[in-house]
Amino acid sequence: MAHGKTSYICLPCRASYKQPYDSERQRICPRCSEPLNHVGSAFATPRRRDTAAWRTLSVLVNAGVGFHKSCCGGPGYRPRTLREMRERMAYARRTGEPVAKALVRQVL
């Protein structure tokens, strides 16, 4: 069933595409033909040349963290720098908290 537009990204190409959401259909990158990652409708695309932002995004996506709107309108806290990412990953290792949960934790 289709809903509003949502973002799909290709990590290798550092590209983002807004398309109607459809859980039945796998989206393919028009540049490299690899599957796109569904990241949600509250996603803000970093500049293609911002390598650190795309590395941070890659960790978030691979941990299963999305950018979906919540009742408050946005996805909530997401790390934006590699330093924030490292701090949260260390916190997850130290406490045993699941990585996906530690990554979206606003305060450590």
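Of the residues making up the stretch 1-13, those that are within 24 Å of residue 80 (Cα to Cα) and in contact with a Pro (Cβ under 8 Å, 6 or more places away or on another chain) are 5, 6. Exactly one residue out of 31, 55, 48, 78 is over 12 Å from residue 6 (Cβ atoms), modelled with pLDDT under 90, open to solvent by 40 Å² or more (accessible area, probe 1.4 Å) and of a type in the set (D, E, K, R): that is 78.
For the stretch 27-53, a tally of residues being assigned to a loop (DSSP other than H, G, I, E, B) and touching a Leu at 6+ places or on another chain (Cβ under 8 Å) returns 3. In the stretch 81-103, of all residues being in a loop (DSSP other than H, G, I, E, B) and modelled with pLDDT of 90 or more, the one that is most open to solvent (accessible area, probe 1.4 Å) corresponds to 98.
The values are calculated or read from the model by the stated rules, or taken from the named source; none is laboratory data. Nothing here was measured: the structure is a model prediction, and the numbers come from that model. Backbone-built Cβ (ideal geometry, glycine too); neighbour counts: all protein chains shown. Ligands, DNA and RNA are excluded from the accessible area calculation, which covers all protein heavy atoms including side chains. Shrake-Rupley method; radii C 1.70, N 1.55, O 1.52, S 1.80 Å.
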